[in-house]
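Here is the structure we will look at, set down as structure tokens.
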Amino acid sequence: MRKYHLIIATLVIGLDRFTKWLVAERISLHDSVDVIPGMFRLTHVQNPGAAFGLFSESPSEWKVAMLILFSVAALAVVSALLWKNGNAMNATAIALSLVFGGAMGNLWDRVVSGRVIDFLDFYVGSHHWPAFNLADSAIVIGAVLLLSEIFLAPQEEKATSQ
């Protein structure tokens, strides 16, 4: 089963790298392409901070190193959980594979350039969600799957799996 976890993570990394490359090649920095006017556009931004621009304005020279260290630590935890869950192909394993692939995709950017390319830009009127990328999407989907497993799994199923 571990090979399927690796396939999922590799697909996330590959799609993330490809879409970031496409955006970098086809859309100038800070330019946008309307996809659904009034709701969604592709906007090329570079995020030197964490998710959704957190810490992007921090002047600390250690910011990138700390974000890389945090990513590596998170990857170690996710890897250990994936290894422990390696004989199963269930929602938990899929979620962990998505988180792993997404974290690796963003870590790649941070190590290579010190920033992450974001481009998915959703908005309604003046209400604007910070731009994000496919790696961020995989992490969020994985986290939601994990939370649904924790909070929505029937109690009998939780008791038998322990």
- Within the set of pairs 6+ apart or on separate chains, which have a first residue in the range 83-97 that is under 15 Å from residue 145 (Cα atoms), a second that is outside any loop (DSSP other than H, G, I, E, B) and aromatic (Phe, Trp, Tyr), and C-beta atoms under 7 Å apart? 89/4
- Query: Which condition number does residue 23 fail, the rest of (1) surrounded by 15 or more Cβ atoms within 10 Å (Cβ to Cβ); (2) farther than 25 Å from residue 127 by Cβ; (3) modelled with pLDDT of 95 or more being met?
  - Reply: (2)
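Here is a yes/no grid of residues against (1) modelled with pLDDT under 85; (2) among the hydrophobic types (A, V, I, L, M, F, W, C):
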residue	(1), (2)
45	no, yes
50	yes, yes
71	no, no
107	no, yes
114	no, no
118	no, no
123	no, no
- Note down all Cβ pairs under 6 Å where the first residue falls in the range 67-79 and is without any contact (Cβ under 8 Å) to a residue 40 or more places away in the chain, the second is part of a helix (DSSP H, G or I), and they're at least six residues apart or on different chains. 71/103; 71/107; 74/103; 75/103; 78/96; 78/99; 78/100
- Message: Would you confirm, using the coordinates I've provided, whether residue 139 is in contact (Cβ under 8 Å) with a residue 24 or more places away in the chain and touching an Asp or Glu at 6+ places or on another chain (Cβ under 8 Å)?
- Response: no
- Message: If residue 41 satisfies all but one of (1) at pLDDT 90 or above; (2) surrounded by fewer than 17 Cβ atoms within 10 Å (Cβ to Cβ), what's the number of the condition it fails?
- Response: (2)
- Query: Which number in (1) closer than 17 Å to residue 46 by Cα; (2) polar (S, T, N, Q); (3) surrounded by 19 or more Cβ atoms within 10 Å (Cβ to Cβ) marks the one condition that residue 113 misses?
  - Reply: (3)
- Task: Could you please let me know if residue 16 is in contact with a Leu (Cβ under 9 Å, 6 or more places away or on another chain), farther than 22 Å from residue 141 by Cα, at pLDDT 85 or above and acidic (Asp, Glu)?
- Result: no
- Has the range 90-103 got any residue that is farther than 20 Å from residue 66 by Cβ, of a type outside the set (Gly, Ala, Ser) and outside any helix (DSSP H, G or I)? yes
- Message: Exactly one condition in (1) modelled with pLDDT under 95; (2) loosely packed, with under 15 Cβ neighbours inside 10 Å is false for residue 144; which is it?
- Response: (1)
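The values are calculated or read from the model by the stated rules, or taken from the named source; none is laboratory data. Computed from a prediction, not measured in an experiment: that's the story for all the values here. So basically every Cβ, Gly included, is an ideal-geometry build from the backbone, and we count neighbours across all protein chains shown.
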